[in-house]
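Notes follow once the structure below has been shown.
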Amino acid sequence: MNEFRIEKNRLVILETKLEHTGTYAVKLTNEVGEIESSMQLTVTERPIEVGKHLVDTIGIEKDQITFECVFTKPIENVKWLKNGIELPDDARFIRKGEPNQRYFQLEIHSLTLDDTGEYSCIYTETINSKALLTVNELPIDF
């Protein structure tokens, strides 16, 4: 696949990459003469951002829920917090995601009413996502 396309009087770079940084020149020639022009293109690396944010979720006691957090580029790892405090090591909290990937999950098993709160997926102070979990009581069967 060609990385470049000419559209009328424009050069289009289809998927900009760091290696596209450089000087680009154009030369126009007709019966009157020729003219040349050049320009410098600098491509910078795309910043890491949250590509898919956590979503507010409602669960029922004893059920399970999953929070998903996706980043625009691979990152080392995330921290999971509840109400601003890092989640403890607890068998009910299953963290999924390996270092240097984009996709991270938090599964919470056997929900309790105390699990209600604000959950955060934190890469840095400014690159993070938050959502509310509301846990409702298990309906009583008669």
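The values are calculated or read from the model by the stated rules, or taken from the named source; none is laboratory data. Keep in mind the model is a prediction, meaning the values are calculated, not measured. Note that each Cβ is placed from the backbone with ideal geometry, even for glycine, and that neighbours are counted across all protein chains shown.
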Legend entry - Hits in region 87-107 (condition: within 21 Å of the chain's Cα centre (by Cα), under 16 Å from L54 (Cβ atoms) and assigned to a strand (DSSP E or B)): I94, R95, K96, R102, Y103, F104, Q105, L106, E107
Inset, instruction - Quick one: count up the residues across region 23-58 that are touching a Ser or Thr at 6+ places or on another chain (Cβ under 9 Å), surrounded by fewer than 10 Cβ atoms within 10 Å (Cβ to Cβ) and among the small types (G, A, S). - result: 2
Legend entry - Residue that is aromatic (F, W, Y), assigned by TED's automatic domain parsing to the domain that holds S129 and free of Cβ contacts under 8 Å to residues at least 24 places away in the same chain, where the choices are F93, F71: F93
Legend entry - The one condition in (1) in contact with a strand residue (DSSP E or B) (Cβ under 6 Å, 6 or more places away or on another chain); (2) farther than 21 Å from L138 by Cβ; (3) β-branched (V, I, T) that I85 fails to fulfil: (1)
Inset, instruction - Take L87 and decide whether it is of a type in the set (A, V, I, L, M, F, W, C) and free of Cβ contacts under 8 Å to residues at least 60 places away in the same chain. - result: yes
